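Undergrad: Got a structure here, written out as structure tokens. Questions coming.
The values are calculated or read from the model by the stated rules, or taken from the named source; none is laboratory data. None of the values given here were measured: they were computed from a predicted structure. All Cβ positions, glycine included, derive from the backbone under ideal geometry; neighbour counts span all protein chains shown. Ligands, DNA and RNA are excluded from the accessible area calculation, which covers all protein heavy atoms including side chains. Shrake-Rupley method; radii C 1.70, N 1.55, O 1.52, S 1.80 Å.
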Amino acid sequence: MKSFSLPILVVSPLLIAVNARPNIRATLDIQDGQTGKLMVFPPQQTDTGTKRMLIIRSLHLGPTTCADHAVPAMNTLANHGYISRNGITNFAEIIRGTGEAFNIDPVMASGMAAQNLLTRGNPFVDKISIGGVSPFVPPLPGKIDGPETQGLAKHGRVEGDGSMTRSDVHIGDNRDFNQTLWDMDLEQLAMFGDDGPDGPGTVFNLQTLIELKRHNYESDQILDPEFAIPIRRLNGAYAAPALILRRVLVFANGTTKQATKRIISSFFMNQTFPENWFRAAAPVLPGSPIAAEIAAGLPQWFPGHNDENGVFVADPQPPAPFNISSGCANYWDTLVNAVPGSLAHVTGIFKQNVDLLNGILFNASGCSEPLAPAGPTNV
């Protein structure tokens with residue numbers, strides 16, 4: 001791989017706070033007709049044991065808000081009312097909802113919320129659509145990232161190629177569930193899965209996820225002339241299926257520790273809690289090795305893209321010191337290529353929220369230096 005360097009705008013770590021910020025007092029901040037909302041962490045949940053989820057809140061299907069293979073979890077939260085049923089949510093609600101429904105630890109949940117809000121939300125008013133453009137999420141003040149706030153379904157920053165259940169944007173519908181792709185995924189399950197209560201080859205295991213992702217990449221790389229999996233996308237594409245397995249226990253049943261065909265189909269196809277499904281019995285923490293194990297099983301796939309001849313080629317490596325680890329490279333790629341650079345110049349509550357979200361990503365990255373947002377705008 002070729003290396004390269006970029007002029008990097010570095011921000012002082014002293015500007016980055018990653019707690020509930022009890023010493024910061026919100027004042028009225030109106031920018032471009034919008035009223036800023038200071039982000040804070042919700043109270044830590046005290047009930048962190050297992051729960052049978054369907055009896056907690058009833059199902060009420062809202063508008064379709066599908067976006068990517070990680071978003072069935074968010075759609076499930078909306079459909080059951082753990083976040084707003086219209087798919088418009090915020091920082092604290094994401095942390096609280098994922099904690100209550102999936103028992104996801106606040107540190108892990110805040111990382112997901114931070115990336116989503118910085119790349120496809122409106123951090124000033126603390127709103128994001130888990131689908132597409134919504135009248136309930138205004139453009140950033142001054143339209144500094146274009147005339148609309150796009151939402152998670154928009155291709156390019158978070159949503160990307162190589163999905164388990166959505167087509168690449170350049171060759172199909174990247175928002176809605178694709179039954180053909182899912183049937184192909186289930187073929188991998190039948191060949192490599194473990195036996196379970198629903199029959200042979202019906203329980204997801206590590207080899208199933210490796211072969212499933214291998215098929216996703218090989219197929220999309222051939223069919224999509226603009227196929228691309230930058231660092232942030234590759235890491236996300238491995239982290240999302242890792243949520244299936246028993247060692248993570250986001251989608252797996254918290255009592256049986258199994259992720260069966262029936263359970264995962266309920267989440268992925270219907271975006272609903274499966275019948276008699278229990279959340280994990282203990283908080284789900286960040287740092288699972290499963291994503292790295294999936295990556296290790298697919299050494300031929302690395303951050304890269306199709307060139308003009310349809311040949312998959314490597315992307316340039318991140319510059320030092322952001323090339324020390326996958327996590328640090330992911331942080332660099334996100335801040336330099338996915339978070340709009342206009343967020344580096346905001347003020348007031350807007351700046352406080354951006355600093356909080358950036359600090360969360362930095363603290364999780366393993367990097368020695370934080371970065372200011374430097375990505376393209378209106379994309």
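Undergrad: Just to check your reading of the model, which residue among 379, 284 is touching a residue at least 60 places away in the same chain (Cβ under 8 Å) and in contact with a Pro (Cβ under 9 Å, 6 or more places away or on another chain)? Write out each step before concluding.
TA: Values: 284 fails: in contact with a Pro (Cβ under 9 Å, 6 or more places away or on another chain).
Every option except 379 fails the conditions.
Undergrad: Additional query: Within the range 89-97, is there a residue that is modelled with pLDDT of 95 or more, touching a strand residue (DSSP E or B) at 6+ places or on another chain (Cβ under 7 Å) and within 27 Å of residue 349 (Cα to Cα)?
TA: Checked the range 89-97: at least one residue is modelled with pLDDT of 95 or more, touching a strand residue (DSSP E or B) at 6+ places or on another chain (Cβ under 7 Å) and within 27 Å of residue 349 (Cα to Cα).
Undergrad: Only one of 292, 320 is part of a helix (DSSP H, G or I) and open to solvent by 40 Å² or more (accessible area, probe 1.4 Å). Can you tell me which?
TA: Just a single option satisfies the conditions, and that option is 292.
Undergrad: Turning to a different aspect of this structure: Please go through the range 122-134 and give me each residue that is part of a loop (DSSP other than H, G, I, E, B) and within 12 Å of residue 87 (Cβ to Cβ), ordered by number. Lay out the reasoning, then the answer.
TA: Going through the range 122-134, the residues part of a loop (DSSP other than H, G, I, E, B) turn out to be 123-126, 130-134.
130, 131, 132, 133, 134, listed by residue number.
Undergrad: Right, residue 350: part of a helix (DSSP H, G or I), in contact with a Gly (Cβ under 9 Å, 6 or more places away or on another chain) and closer than 30 Å to residue 141 by Cβ or not?
TA: The answer is yes for residue 350.
Residue-by-condition table, conditions (1) open to solvent by 40 Å² or more (accessible area, probe 1.4 Å); (2) of a type in the set (Asp, Glu); (3) at pLDDT below 55:
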{"site": "37", "(1), (2), (3)": "yes, no, no"}
{"site": "62", "(1), (2), (3)": "no, no, yes"}
{"site": "65", "(1), (2), (3)": "no, no, yes"}
{"site": "68", "(1), (2), (3)": "no, yes, yes"}
{"site": "100", "(1), (2), (3)": "yes, yes, no"}
{"site": "107", "(1), (2), (3)": "yes, no, no"}
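Undergrad: Tell me which residues, restricted to the range 162-220, are of a type outside the set (Asp, Glu), part of a loop (DSSP other than H, G, I, E, B), open to solvent by less than 30 Å² (accessible area, probe 1.4 Å) and over 19 Å from residue 297 (Cα atoms).
TA: Scanning the range 162-220 gives 165, 166, 167, 174.
Undergrad: Something else now. Can you say whether residue 337 is under 21 Å from residue 168 (Cβ atoms), under 18 Å from the mean Cα position of the chain (by Cα) and not small (Gly, Ala, Ser), as far as the supplied structure shows?
TA: Spelling it out, residue 337 is indeed under 21 Å from residue 168 (Cβ atoms), under 18 Å from the mean Cα position of the chain (by Cα) and not small (Gly, Ala, Ser).
Undergrad: Looking at residue 266, is it in contact with a Pro (Cβ under 7 Å, 6 or more places away or on another chain), surrounded by fewer than 20 Cβ atoms within 10 Å (Cβ to Cβ) and either free of Cβ contacts under 8 Å to residues at least 40 places away in the same chain or not in a helix (DSSP H, G or I) (or both)? Outline the logic, then answer.
TA: On the way: in contact with a Pro (Cβ under 7 Å, 6 or more places away or on another chain): yes; surrounded by fewer than 20 Cβ atoms within 10 Å (Cβ to Cβ): yes; either free of Cβ contacts under 8 Å to residues at least 40 places away in the same chain or not in a helix (DSSP H, G or I) (or both): yes.
In short, yes.
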